[in-house]
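*Asks:* Mind having a look at this structure? Questions to follow.
The values are calculated or read from the model by the stated rules, or taken from the named source; none is laboratory data. All values derive from a computational prediction rather than experimental measurement. FYI the Cβ positions are ideal-geometry reconstructions off the backbone, even for glycines, and counts take in every protein chain you see.
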Amino acid sequence: MTTHSARSDQSGPHEENHRPDPPPAQAVSFEDWYKRDMPGLVLFAMMLGARKEDARDLAQQAFADAYPRWDTIDFPRAYLRTCISRAYERRHATLQRYETCTDSIVESTAPADPAVGRIEIHDQEQRILTEIRRLKPGQREVMAWTLDGYEPAEIASILGKSQGAVRASLYKARRNLRHALASRKED
């Protein structure tokens with residue numbers, strides 16, 4: 001039986017480095033995992049820089065890609081987020097139009113998917129998300145993984161980067177966010 005992990009070139013994050021995750025995919029039905037994790041996946045994609053409608057598409061596609069192999073995925077939480085991260089990078093690289101970081105995050109229409117409909121973004125959270133979207137791509141990616149509960153060692157393993165590079169990106173991202181949010185407070 002082939003197992004799928006967050007990284008296609010390794011069997012997955014080391015068990016001792018991986019924080020307690022929800023039960024593996026084999027122990028939770030695909031439908032239950034979808035209902036529980038879909039809002040978080042959409043938010044994760046938004047932290048990477050995707051607009052809400054694109055974030056929904058990315059999350060939906062990650063689940064669609066995972067479905068046929070659901071029973072063989074060891075770390076579904078990391079796997080789904082890695083799918084989203086890679087798909088976002090591919091989509092972002094091929095876009096010919098330039099989208100500004102200040103596009104509205106909250107939509108006026110209700111989403112069709114009830115799992116996504118549970119995402120509520122308040123004013124302060126919207127300001128923070130807007131500032132995260134203004135970070136450089138590498139900083140934004142590391143911040144998205146961090147805000148989703150991953151430690152730098154886990155992020156490094158999943159993304160195939162050194163721990164030092166992840167920590168440096170995280171340091172710069174936090175510093176830039178502090179400055180941006182402090183200057184917005186003064187305005």
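*Asks:* If A25 meets every condition in (1) modelled with pLDDT of 65 or more; (2) over 20 Å from T146 (Cβ atoms); (3) of a type in the set (G, A, S) apart from one, which number is that one?
*Replies:* Failing condition for A25: (1).
*Asks:* Taking the stated definitions as given, is R140 of a type outside the set (G, A, S), modelled with pLDDT of 60 or more, surrounded by fewer than 16 Cβ atoms within 10 Å (Cβ to Cβ) and not in a loop (DSSP other than H, G, I, E, B)?
*Replies:* When the stated conditions are applied, R140 does not pass them.
*Asks:* Tally the residues that are of a type outside the set (K, R) and touching a residue at least 12 places away in the same chain (Cβ under 8 Å), restricting the search to the stretch 143-187.
*Replies:* Count: 25.
*Asks:* Count, please, the residues in the stretch 27-56 that happen to be charged (D, E, K, R) and crowded, with 17+ Cβ neighbours inside 10 Å.
*Replies:* So the count comes out to 4.
*Asks:* For the list (1) among the charged types (D, E, K, R); (2) over 22 Å from R127 (Cα atoms); (3) at pLDDT below 50, I need the number of the one condition that E107 fails.
*Replies:* Result: E107 passes all but (2).
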